[in-house]
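Each remark here refers to the structure printed beneath this line.
Please treat every number below as a calculation from the coordinates, not as lab data. It should be emphasised that the depicted structure is a prediction, and the values quoted were computed from it without experimental measurement. All Cβ positions, even for glycine, are placed from backbone atoms using ideal geometry, and neighbour counts span all protein chains on display.
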Amino acid sequence: MAKPQDPGKTPAFTFKQGQYLAFLDRYTRQKGYPPSEGDVQEYFGVSAPSVHQMIVTLETKGLISRVPRQARTIRVLVPREQLPALEATEASVARSAPRRMWVRETLPDGSPQRRPSTSAARSLTPLRKAEIQRQADEFVARELSPAAVQPPPPDPKWNYAVDLFTKWHGRYFSFVTKYACPGPYATVPFFDHAFARLESVGADRFNLAYHRHTGQWWEPQRGITFEECLQAIRGEPLLQP
């Protein structure tokens, strides 16, 4: 039987393994019993063999225990205070995201509605881009930076945020965190990580996305205004640093 992790020792697990551990712990606390492998598969949106292999890996590393050939017996052995925060997955967001109605294809008089070409729809004037960035920078400074950027820790062991900023790249507008990399093994002193992104799709509308730990962008909302994008970022932790 696997032994519980030493509370005073930092457990060794990858980011992905930590997310599975966090889900197992949260599910058990919320439901009062452990999840099945099917529950894990549904949340992470992966195949059944992938889930089973992860469970076997976690058990081999002494991070969980379970009773062989019995369902719902998984027990997390890592102290709760050492578990990472659970991030929403593409599959879980897809189940809960509201569906939006798209603009109708005809005008009130019944005539066809003409749509601009793709290149024209996605283009923004330099003046409009500058205004969007000005408003976004004010939003970041007022509502995101105070919580995300703190004074450097006295003895840092992990990467920590030192700045938040925004930038344009073509039709994409990104919200970015700048991290410091302490420690003797850091390959670079700083790195940037975009946590939210707007894609201009025409008529001053945007697709809003957040950056998943897999490196993919996931769009919970499409075709919304810039003001609606800021409102969504304000109210959704997945879209924040």
Ranked list, fewest to most other Cβ atoms within 10 Å of each Cβ, for R234, R142: R142, R234
Separation of the A203 and L238 label points, Cα + 7 Å toward Cβ, nm: 2.5 nm
Distance in nm between pseudo-label sites at D155 and F191 (7 Å out along the Cβ direction from Cα): 2.5 nm
Two-site label geometry, E87 and E143: point separation in nm, points 7 Å out along Cα→Cβ: 2.2 nm
Alpha-carbon radius of gyration plus Dmax, which is the widest Cα pair, for the range 15-91 in Å: 11.3, 30
Cross-link table K16/K167; K129/K178; K16/K129; K31/K178; K16/K178; K31/K157, entries beyond 27 Å C-alpha to C-alpha: K16/K167; K16/K129; K31/K178; K31/K157
